[in-house]
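Reviewing the structure listed below.
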Ligand code: CAP
Ligand code: MG
């Protein structure tokens, strides 16, 4: 029998093994605690320790995490591979982002970043398409893909929703997108919305000669989501949208299994992410959430507008770089910029985060003085100008829809 205490989870000479998950935490210790004590408690409570000395047998300590690096308010913790159930994201998060976020031993604690080892990372499917949606499912290999959410967010009838889709698609938009809080309400039922929108989509494809699709929101209970994904596939849709934070990672993993069979891409909306990541010294960073989403297999995820839009963002460019980066051969993820965007912001957005992105504009399309179709054309024109490196004002001189948008919104960030 061996006695284990918090101190056994701290070793500043420890070298993590290649198959260990390494997590970076930002820690503000409680007033009566130093970083070493706080670090040992983080490693203990997030693996297999607790506050009381335990008498344990054999190699139970093989499952113990180790706080092996402290630098200012940052600690690094290494987790043995055997601690985790491979392929089970809720279990992994219950370790690295579980009880430790509520410990009295720390005033504040934030899971900032993770270094995912091959055995654990490859136990997850990863994205089916990632950025290749641009060429495999759409005709946007050389430019940002565009999406629009009909506004108002909810309350439109199915007819109105599908009509707006048609006007946006024929104006140059690639993807119609449901809002995060539109699912199967009585005024706009999922099944009717799906079929009617795809009918208008087919019409728009016919007229424009461009591939078009629909980010239909399948969020619901576990079974509802699987039924809705299957219905989307049967109806000929190429994408589904999931509110990944509110639905939960277990649900995302289940949806990923069906989309694999049906060849559908997953658009991840991150509603509620700010509850985790907005306070900079506590919670779970958007970077860590994006990593989890990639492993679970989403193809797109909202990562912000590089501070150009109406919502607070955490390091859009840095998170996007990680989503593009090699992860043991796993597909990348297409970042979606959304939230207060309009044509006037596109040149700066592309300057800041490039063109291997998606651009979603709801108010920035449907708020256009001449309506949805003109708004869609203006957004597409702003993207064409940015991709071709033409000054947007100059381009607007020969593109009236863009001219009208710039006259209305200029290049201001809405509040
Ligand atoms: C944008 C949006 C998106 C947010 C999500 C909205 O609408 O539909 O849900 O962009 O935030 O409801 O606000 P607008 P994020 O285009 O009309 O602003 O992308 O930061 O996750
Ligand atoms: Mg929305």
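Restricting the calculation to Cα positions, tell me the Rg (one decimal) and the Dmax (whole number) of segment 365-415 in Å.
10.2, 29
Run the quick spin-label model on residue 246 and residue 185: label points 7 Å from Cα toward the beta carbon, then report their separation in nm to one decimal.
1.0
Largest first and in whole Å, what are the equivalent-ellipsoid semi-axes of the chain based on the Cα gyration tensor, each being the root of 5 times an eigenvalue?
Numbers: eigenvalues 379, 106, 61 Å².
Each semi-axis is the square root of five times an eigenvalue, giving 44, 23, 17 Å.
Would you kindly state how much longer the chain becomes between residue 235 and residue 62 on full extension, computed as 0.36 nm times their sequence separation minus their alpha carbon distance, in nm to one decimal? Don't jump to the answer; show the numbers that get you there.
On the way: separation 173, 0.36 × 173 = 62.28 nm, distance 5.00 nm.
This chain segment gains 57.3 nm when fully extended.
For the chain, take the longest principal axis of its alpha carbons; what is the angle in degrees between that and the long axis of helix 286-296, to the nearest 10 within 0 to 90?
Helix 286-296 and the main axis of the chain meet at about 80 degrees.
Tell me, in nm to one decimal, what length is gained between residue 53 and residue 355 on full extension, where the rule is 0.36 nm per residue of separation less the Cα-Cα distance? Write out the running numbers ahead of the final one.
On the way: separation 302, 0.36 × 302 = 108.72 nm, distance 5.48 nm.
Extra length from residue 53 to residue 355 when fully extended: 103.2 nm.
Compute from the Cα atoms of segment 256-340 the Rg and the Dmax, the latter being the longest Cα-Cα distance, and quote both in angstrom.
Cα-based Rg and Dmax for segment 256-340 come out at 13.1, 41 Å.
Points 7 angstrom from Cα along the Cβ direction at residue 86 and residue 2: gap in nanometres?
Here the answer is 2.5 nm between the modelled labels.
Hey, how many Å between the Cα centroid of segment 346-403 and the Cα centroid of segment 144-205?
Result: 20 Å between the Cα centres.
For the chain, what is the calculated [θ] at 222 nm in deg cm²/dmol (nearest 500), taking -39500 (n - 2.57) for each run of four or more DSSP H residues and dividing by its residue count? Kindly include the intermediate steps, with their values, before the conclusion.
On the way: 17 runs with 159 residues, N = 415.
For the chain, the value works out to -11000 deg cm²/dmol.
Run the paramagnetic zone check for residue 153: 7 angstrom along Cα to Cβ, then residues of segment 310-340 with backbone nitrogen under 13 Å.
Within reach of a label on residue 153: 311, 339-340.
Three principal axis extents, largest first, for the C-alpha atoms of segment 82-203, in Å?
Over segment 82-203, Cα extents along the principal axes are 56, 35, 25 Å.
Among DSSP beta bridges whose residues both lie in the chain, state the antiparallel percentage, nearest 5.
On the way: 22 of 48 bridges.
Approximately 45 percent, going by the DSSP bridge assignments.
Hey, how many Å between the Cα centroid of segment 2-20 and the Cα centroid of segment 87-134?
Each part's Cα centre sits 20 Å from the other's.
Compute the distance from the alpha-carbon center of segment 51-67 to that of segment 206-278, in whole Å.
Segment 51-67 and segment 206-278 have Cα centres spaced 41 Å from each other.
Values quoted throughout were computed directly from the atomic coordinates according to the rules given, and no laboratory measurement underlies them. All figures in this text were calculated on a predicted structure; none of them were measured in a lab. All Cβ positions, glycine included, derive from the backbone under ideal geometry; neighbour counts span all protein chains shown.
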